[in-house]
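Heads up: the structure comes next, in structure tokens.
Nothing in this text is a laboratory measurement; each read-out follows from the coordinates by a stated rule. The structure presented is a predicted model; accordingly, all values stated were derived computationally and were not measured. Neighbour counts run over all protein chains shown; Cβ positions are idealised from the backbone, glycine included.
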Amino acid sequence: MLEDIDLVIEAGSFVALLGPSGCGKSTLLRFISGLDQPASGSVVLSPEANAQEPGTRTKLGFVFQDAQLLPWRSVLDNVALPLELQGMSRTEARERARGPLAEVELGDVHERFPDQLSGGMRMRVSIARALVTEPSVLLLDEPFAALDELTRQRLDERLRKLWQRRRMTVIFVTHALAEAAFLAERALVMSRRPGRIVLDQRLQLPEERNLDLRTDPDFVAQTALLYGALSRHGGLDDAPIDP
Amino acid sequence: MKHSTLRDFLPSILPPALTFVVVIALWEGVVRAFSVPRFLVPPPSDVLLAAWSERAALFGALLTTAQGAVLGFLLSASVGTTVGLAFSLSRWLERGLYPYALFLQTVPIVAVAPLLVLWFGPGLRAVSVSAFIVSVFPIIANTLAGLRSVDPRLSDLFRLYGAKLGDTVLKLRLPTAIPSMMTGLKVASGLSVIGAIVGEFVAGFSEGSAGLGITVLAAYRQLRTDLLFAAVLLASLLGLLLFALVSSSSTLLLRRLRAPG
Amino acid sequence: MHLDRFLSTTLLALAVCFSSGCGKKSQPKPSSEADAGALPQAKVVLALDWVPEPEFGGFYAGREQGAYKRHGIGIEIQGGGAGVPVLQMVATGRADFGTVGADELLTARARGADLVALFAVFQTSPQGIMVHASRKLQKLEEAFHSGTIALETGKAYAAYLKKKFAWDGVKVVPYDGGVAHFLADPNFAQQCYVTSEPIAARQKGADPAVFLIADSGFNPYATVVVTRRELLQKNLELVKAFVVATREGWREYLDHPEPTNALLGRLNSALDAGTLSAAADAQRPLIENADSKQHGLGSMQQARWQTLAEQLLDLKFLDKPASVADSFQQL
């Protein structure tokens, strides 16, 4: 499914992973997180060597495409979950959960339940949960795909600010070129199955980014580059339909 | 907030109430008009009369059967959920023991009841075991299904953080399984009454406490069909009552725990 | 949060419930009267092989009027149902005494259960065949030449009747314990207990004629009190006292059935006063006869047991001849 992936990602960098459906972006993310094992090859996470066991060495956060909250837990308890699973007491975990919730600006909905929140809010809770263990690596798999454009852009902005504050390594899988360009320092474009990296581009964009950036000519140029790589290696026109 | 008045309930009460009145009237009318022998089909008036004149005995019988049914149900609930959980944790266990659990469902309880009397003792013991046997399987099956219905992505989440098995069971699988378990309990509640009554047919009764099953048996023997109908009616009501109890507890629980469904 | 805590507490509660529930689920209720007598009460269990009906009246009379208590026995009477395995219960010690038919006792003994008969309530078996008087049958044999008859075909008496009479032209159906079919069909005949079905049928306006099986030559003792030999050997005094008290109880019931009938009516809500007194009357001549007047209520003769054993052997209910001397004990 994946072929010849040989990547080095610097600590603290923000990397976007792009590619057509089914190319294996999500699979790659699962390999990195340790949820699945590749048939050959290995994933090495610094500073600890060889973190194949999920959750044991390098602290990881994962944000899924679905918020994946436990419906029977309140917002605060959902965010506290990872800490509880790693052995912390319930009270302490709940205390610690307040911080990330404040960071995503959900300080006033602690005792609400997921079915009482909007899609965007649920996603923010999911992000807060991913941050609660203070991960050095944050993985996101098309987290905002199900949200409307406006919410999506707002969350993009929030995410970038979070990253600037905390400086963990972020690997962000997305379909949306503009989003990738807005968020990342480096963009990786994958081809159709078997997925190979066909473009590894450092984005020439300013450090401080806001929503106006999207109309900036530099931005448009960068996006065009990505689009070119994508369409050459994964577009609909020359593709036989994936089985 | 608007208070619900009787008028709000009327649309849901009226149709079944009307149907009930019509059925009773027809029943009474047909029996009288065609002079149907009263020992074959007693008119509702006979049944009511019998129920009233034997009300003390019938009430005692109701309580006795209720004891057996409730005891059997509680046994099913505890054993059933435990076994379901055990099965979910060990494929090996499940493969080995599931056929026996299934066997409990299919064994003809009437044939087995004398053995139950022998093994467990007459009266309440045999009756509650009979109720248990008849009602345990739905609980096992539904608990197992519920535990297996965990969203794999949530499983991923737990795995990501290296959750221990105990945490996964307590914090993920059981909460997911609760709606299914409630369904199983609801099904089992009605079945436990049936099991108790069938058990009573055979197992008899302890000193001074005849259950509804014995009342039916004795009434049939003496051709007191009116009394028989009254006892059968009470048995159905008992089953309904138990079902309603379990059902409303389950709804309250699900609402409070905000489990899905 | 609420959910996790709730779940762990529930699991714990279930575990406790389950483990304690594995033990005894109910204690048998002790006998109802307060201990006014000076004797310490030995607790015994008597298992009946049917629901409480007048055929067991003497036992209840004995309990209510204090006969058992006077002899130092706290009796618990276990009312039965459609399938209570009385023989096995007595054999395994679940019950100390039980009521069975004499033929059942002999077949059980042949299979290795060492049970002993102590007291035979019915000198004459109340088993009968009930037909409509309108059929004007002169002999029982005629009932097997037409119409329908409901029998428990596995029973010894049915085998006896089959051997003795030619069953030809009659439709045999299973016996279901009631009289509904009898009332509906004038050509319907069925097995009956003289104390029960004919009375119920008469109450509903039918006119049954009853042929006693005993009159055709098959007359096992009925409602026989049995116990296991082990109890007889270990505690002869207790067993003796039980038999004496039973005799007193039956005497009481035969002489004054009304109070006990009232109790039976409460235990068995399907029995009304009329049925109860009719049954008590119908069974009197079957319980008290020349033999019982001479040797005492419930007494048994070896000759009768011997005849029964021979009949059962002939009907292939027994594989080999049985020695009946140790099947019963006169106390």
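For this structure, a couple of remarks:
- Degrees separating the helix C:273-287 axis from the principal Cα axis of chain C, which is the longest one: 70
- Every Cα-Cα pair in the stretch C:122-166 was counted, and those over 16 Å apart are 42% of them.
- Based on alpha-carbon atoms, the Kirkwood radius and the radius of gyration of the stretch A:67-134 give Rg/Rh equal to 0.92.
- Cross-link reach list, aspartates and glutamates versus B:LYS171, counting only Cα pairs under 14 Å and skipping chain neighbours closer than eight places: A:ASP77, A:GLU84, B:ASP151, B:ASP156, C:ASP4
- Taken about its Cα centre, the protein assembly as shown carries a charge dipole of about 600 debye when Lys and Arg each add +1 at the Cβ and Asp and Glu each add -1 at the Cβ.
- Approximating the spin labels as points 7 Å out from Cα along Cα→Cβ, the B:ALA25-to-A:GLN204 distance works out to 9.2 nm.
- Considering all different alpha carbon pairs of chain A, the Kirkwood hydrodynamic radius works out to 18.7 Å.
- Largest first, the extents of the alpha carbon coordinates of the stretch B:44-257 on the three principal axes equal 69, 37, 23 Å.
- Taking the charge dipole of chain C about its Cα centre, with +1 at Lys and Arg Cβ atoms and -1 at Asp and Glu Cβ atoms, the residue from C:ILE77, C:ALA158, C:GLY178 reaching farthest to the positive side is C:ILE77.
- Of C:LYS155/C:LYS240; C:LYS43/C:LYS293; C:LYS155/C:LYS293; C:LYS43/C:LYS69, those spanning more than 20 Å from alpha-carbon to alpha-carbon: C:LYS155/C:LYS240; C:LYS43/C:LYS293; C:LYS155/C:LYS293
- Scattering profile of chain C at q = 0.06, 0.11, 0.15, 0.16 Å⁻¹ [log10 I(q)/I(0), Debye over alpha-carbon scatterers]: -0.25, -0.75, -1.27, -1.41
- DSSP H segments from chain A that extend 30 Å or more along their own axis, Cα-based, with Kyte-Doolittle mean of 0.0 or above: none
- The charge dipole of the stretch B:44-257, taken about the Cα centre with unit charges on the Cβ atoms of Lys, Arg (+1) and Asp, Glu (-1), comes to about 780 debye, rounded to the nearest 20.
- For the stretch C:36-193, share of DSSP beta bridges that run antiparallel, in % to the nearest 5: 20
- Axis of helix B:55-89 versus longest Cα principal axis of chain B: the two differ by about 20°, to the nearest ten degrees.
- Longest to shortest principal axis, alpha-carbon extents of the stretch C:131-286, angstrom: 55, 36, 24
- Residue among B:LEU240, B:LEU228, B:LEU212 with the largest mean-square fluctuation in a Gaussian network model of chain B, springs linking Cα atoms under 10 Å: B:LEU240
- Average projected area [Cα convex hull, the stretch C:127-216], square nanometres: 5.0
- Neighbour-limited loop hits for chymotrypsin sites (Phe, Trp or Tyr not before Pro), the stretch B:1-97 (at most 12 other Cβ within 10 Å; DSSP other than H, G, I, E, B): B:PHE34
- Residues whose amide H falls under 5 Å from that of C:PHE119, counting only those 5 or more places apart or on a different chain, are C:VAL225, with hydrogens built in the peptide plane.
- Close amide H pairs (under 5 Å, H built 1.01 Å from N) link C:TYR221 with C:ALA102, residues at least 5 positions away or on another chain.
- Rounded tilt (10° steps) of B:124-148 against the dominant C-alpha axis of chain B: 40
- When every Cα-Cα distance of the protein assembly as shown is counted in 20 angstrom steps from zero, the calculated P(r) takes the values 13, 31, 22, 16, 14, 3, 0 percent.
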